[in-house]
Every structure is written in C-alpha cells, then in structure tokens.
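This report refers to the structure that appears directly beneath it.
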C-alpha cells in the first residue's frame, strides 16, 4: 500500500564539491563563521539526501492522471480505503479499551492490600490517614530516577518485587497504547480526506459522461474531433489535491515511534507523548538528547530551529521535563510579545499531569530589590518550576546585580579609606611625642638625613 522513493544527492561527498562550488576555497569560507556554515550545509545535505518520499497506492504526479481516468482503479481504491478505515477503527477501539484496562491494572496493583495488615491500611485510606495512589501519582513516580524501586515500596509496603515490575509495565503499556490509538485516529482523518476526494472524482467522471455525449454530437459533425479544455483544467486541479492527500495518508500510516528503542525506553518521552497527545519526531528526540549530553558534559549548545518545527510546543517543554531538577532551574527567555503565549503553552504541557509550575519573572532596573525576589527564585528552583522571562527582565537583573557588586566595592573602599585616615591620625599623634621618647622617630629621621646627604 505504501511505496517509498528517494533520490540520493551524493551525501557522502564533501559539501564544498557539490555542484562544483568550491566554497571552502574563498576568503569567506576560511573564516570561523564560514567554516561553521559549511558544516551546517553539509549536515543539511546529508539529512535531505536521506529523506524518502512516501506515496499511498502508488499515487504520484505521474500516475494520478491515469488513475482519474480509470473507473476500475477508482473503485478499487475506494474499496481499499473503506477496508483500511474499518481496520483502523477496530484497532483504535481495541487500543482504547486495552489502555483503560492497563490503567485499572496499574491502580489496582499500586493499592494492593493483603491480610490483617491490609485491612488496617484499607481503613486508614477510608478515613484519609493513608494515601490512595491514582494513575497520575504512578506517572509521577515513573518520572523519578529509581522511583519504582524506592518510592513505591514506601507508599505501598505490601508490594513485592514482581508486583512493582508488573505495575511499571502496565503503566507504560497504557501510555504506548494511548499513542497508538492517537495515530489510528490521525490516520483515519487522513483516509477520510482522501476518500472524499476519490468519491468526488468518481462522481464528476460519471456525470461528465452524459454531459459530454450531448455536447460532442454537434462538434463532431463540424470538425470530426472533440477536445474539452475545461475537463483538462479540472483534472489538473484534482490531481495535485489527490497526490497531497495520498502523501498525508502514507505519512500517517508510516509514523515511527522514536521514544522507544528496542527493549529500552525513556519514561519521560513516553509520558510527554501521552500528556501532549502527539508523537515525537526523530529530529526532536535527537535534539533533546544532544542537549542532555551537553548539559551532563558541562558544555554550551546552541541550535537553530525553523518556524513550525515545535520550538515552543514540543522541544522547550520536553527539555524542561528532562533537565529540570531541584538543584537546577530552567529559564525560558522569549520575546516580550510572546511571553504570554509561551506561558500558556507551557502550562498546558507541564502543569496538568506533570505538576511543573510555570512562573513569570518581571524585573526592571527601577524595581526595589527585596528578599521576596530571592525567595521566589529559590521556591521556583525547589519546586522544579519553569521561569519564563523576557530579555529585558534578565538584562535588568544582571545590571542590577553588577550595580550591587559595585556598591559593595565602593563601601569596602570607603571602609579601607576610613581605616587609612585613622592610621594617619595615629601617626600624627606620634609626631607630637618628644624625640627622646620615641625611638622610631630617631631611626626614621636619621635615615632620611643620611639619604639626603648621599643625594
């Protein structure tokens, strides 16, 4: 059903030799910025050279015209679309039911009680003296490194090692089933759009047969041939729409999961897909992991993303989820005009299930500094909150910090000057002491006189 085609652009060659452009030989290519730009161009060429164009039912610009003219192929395509819709509906329904069943299993395992001790725990839960874990609490435990082995036995003392393993597996299974059900719904939407276009094309072809038969009679008597230009224009207009819809169907059916690698998975990536209702792209996952490696190694990292690649909605909240700890705060700096929108998107992604508060930071050089600002920042760091600010506020805070350091230096210099003045006053007091009573005066005066004589 899905065919792929790719044209290699010679990604194994150096970017400087592509199309005969010796970019690294010019004066601009030998600069630092030029070398960085060449590396970026080389990476882009390698990326786009490996892209593959997918099509559904082999619907391409070269085959769409013959498809629109063949009624049998249109009928077969409609039948195949209906079959796929039925299969995907059943799959989405079964995945949704299995997801709720896995959630119920995880909650049941998390609140397991046995024997007389279990009866006491059950009574304590009824009166609110003991916690009852919900699925949201289980997700919070999954976000903690080693949380299933350390926190769950503390919250539920009756859990065994096998119960903990089954609980974690049931929770992750519910998240993965939710992602697959989401993919099924997106594929159903793409199939519905393609089916509507095919049905419209089929109806237009059937209605055109009777109309063309009546119009062709007098024209054939005059010229012996018939050509209806409006039909060609109409077919040309329908062809690109059908190709685009087929490409969307192929992309929806061929989505790959990048949050799971073989038998290993990152619960933060899987949980973010569940909360945000999306499937992470390969480049987004690679970028987040590259940033994680840079933070662990203690080196800076700068990456440029184009509009529509998920800077605010995907990469930023996912980076916060991965790197935000109680000892390391995450600061999001955006233009002042986009501050409200950024905070709104981050609250939608992080505040609901993940319990990550979003704090707006406003500061100017005229803002009176107090302990409230300091404790607000400490609270944001301790609660793993996100600090959203504009560039003006961060710049004002830095300048205010520099001014404070300057004021401290001035105060220290004044203290040193005051100390020197006091010492000079003490020296003046010693000058009034008689010469015979101050031996330091005798030595100093003799040394000065001897130096003057030598000069």
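Tabulated data
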read-out	value
Mean Cβ count within 10 Å, highest first, over the residues of peptides 39-47, 309-317, 275-283	309-317, 275-283, 39-47
The stretch 23-132 shape via C-alpha gyration tensor axes, a/c threshold 1.5	oblate
FRET efficiency, 1/(1 + (r/R0)^6) with R0 60 Å, evaluated for residue 25 and residue 185 via beta carbons	0.65
Residue-span extension gain [residue 125 to residue 204] - 0.36 nm each, minus C-alpha spacing	21.8 nm
Residues in the stretch 239-256 that a label on residue 76 would reach, taking backbone N under 19 Å of a point 7 Å out along Cα→Cβ	243, 246-247, 250
Net length gained if the chain between residue 290 and residue 373 were fully extended (0.36 nm per residue, minus Cα distance)	26.6 nm
Virtual spin-label span in nm between residue 410 and residue 32, 7 Å along Cα→Cβ	3.5 nm
Kirkwood Rh in Å, taken over the stretch 319-362 so that all alpha-carbon pairs contribute	11.2 Å
Segments 365-373, 99-107, 377-385 sorted - mean Cβ within 10 Å per residue, highest first	99-107, 377-385, 365-373
Cα shape, the stretch 68-127, gyration tensor, a/c 1.5 rule	prolate
Chain lengthening between residue 340 and residue 237 when straightened (0.36 nm per residue, less Cα-Cα)	32.9 nm
Ranked 343, 330, criterion: other C-beta atoms within 10 Å, fewest first	343, 330
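Values quoted throughout were computed directly from the atomic coordinates according to the rules given, and no laboratory measurement underlies them. Keep in mind the model is a prediction, meaning the values are calculated, not measured. Here Cβ is always computed from backbone atoms with ideal geometry, including for glycine, and neighbour counts include all displayed protein chains.
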